[in-house]
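Since every read-out is calculated from the coordinates, none of them should be taken as a lab result. Remember, it's a predicted structure, so these values are computed and weren't measured experimentally. Cβ placement follows ideal geometry from the backbone for every residue including glycine, while neighbour counts extend to all protein chains displayed.
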Amino acid sequence: MKILKDLYNILMPRKCVVCQGILEPHEQYICTSCSMLLPRYPLKSIEDNEPLRKVWNFAPIQYGATLLYYRHLSDYHNIIIKIKYKGGQQLGIKMGEWAATEIAHLKLAEKTDIIIPVPTDSERKRRRGYNQAELIAKGMGKVMDLPVMNLIVKKGTGVSQTKLSQSARKENAIGSYKAVIPVEHRGKHILLVDDVLTTGATIGNCAQAILANDPQAIISIFTLAYNANK
Ligand SMILES: [Zn+2]
């Protein structure tokens, strides 16, 4: 098996998702130098931070954490692109596992009862075959030993959010999610998970949908990255 694996690595060298450099055998997805320079978002204050304040425009949220700055022109945005569009399912799960270990010491991790990923509309999920937020959530659930449940559905509009202006995106998102929380999970602390937080409208409207169905729920949020430019 090792010979086959070595041969495979010679013919199909594994590349760093960020810089495209050839990975060493012990490296996975991201090379050591890119890992050391990850544009990290500070985890110091999960009770009050910039992305959390954006989401407060839409819904009350207890704690909020994000791990990376999403910078459009940085090579690091390749991590999100790979998970979202280029068949990076395993990378999505790995990033979720990494995220869970990074936030393990925070109250946000200690208090959470269940994890719910932000849904994509069913048409896009069908085309792509998976929901990137769900992959991150699955990786987190595995490490945190928590159930990951798809309890929110998007009432599809067919309009790609990325093609809309900020205000149109907000309009488009409002009222477009529906949550059904089973009786046994009501009044629990829910961790809502998504890949990138930009305006906060998407995750905020998902939180609204949960609270409309389960007013006693406590909601915290985690996103892999935060796009601070909008
Ligand atoms: Zn690299």
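crowded, with 17+ Cβ neighbours inside 10 Å and not in a helix (DSSP H, G or I), is that true of Ala59?
Numbers: crowded, with 17+ Cβ neighbours inside 10 Å: yes; not in a helix (DSSP H, G or I): yes.
So Ala59 passes the test.
Since Ile93 meets every condition but one in (1) touching a Leu at 6+ places or on another chain (Cβ under 6 Å); (2) more than 25 Å from Tyr177 (Cα to Cα), which condition does it not meet?
(2)
Scan segment 27-44 residue by residue and report those that are assigned to a loop (DSSP other than H, G, I, E, B), closer than 18 Å to Ile79 by Cα, in contact (Cβ under 8 Å) with a residue 60 or more places away in the chain and more than 11 Å from the ligand (Cβ to nearest atom). Spell out how you get there, then give the answer.
Here is the first cut: in segment 27-44, the ones assigned to a loop (DSSP other than H, G, I, E, B) are 27, 29, 31, 37-39, 41-44.
Filter once more, so that each one left must be closer than 18 Å to Ile79 by Cα: 27, 29, 31, 37-39, 41.
Filter once more, so that each one left must be in contact (Cβ under 8 Å) with a residue 60 or more places away in the chain: 29, 41.
Residue satisfying the conditions is Tyr41 alone.
Identify, by number, the condition in (1) away from the ligand (no atom under 16 Å from the Cβ); (2) more than 18 Å from the chain's Cα centre (by Cα) that Glu24 doesn't meet.
(1)
Of all residues being farther than 21 Å from Leu146 by Cα and without any contact (Cβ under 8 Å) to a residue 60 or more places away in the chain in segment 199-215, which is surrounded by the fewest Cβ atoms within 10 Å (Cβ to Cβ)? Just the residue, please.
Pro215
Of all the residues that make up segment 171-230, how many are polar (S, T, N, Q), assigned to a helix (DSSP H, G or I) and under 14 Å from Val55 (Cβ atoms)?
3
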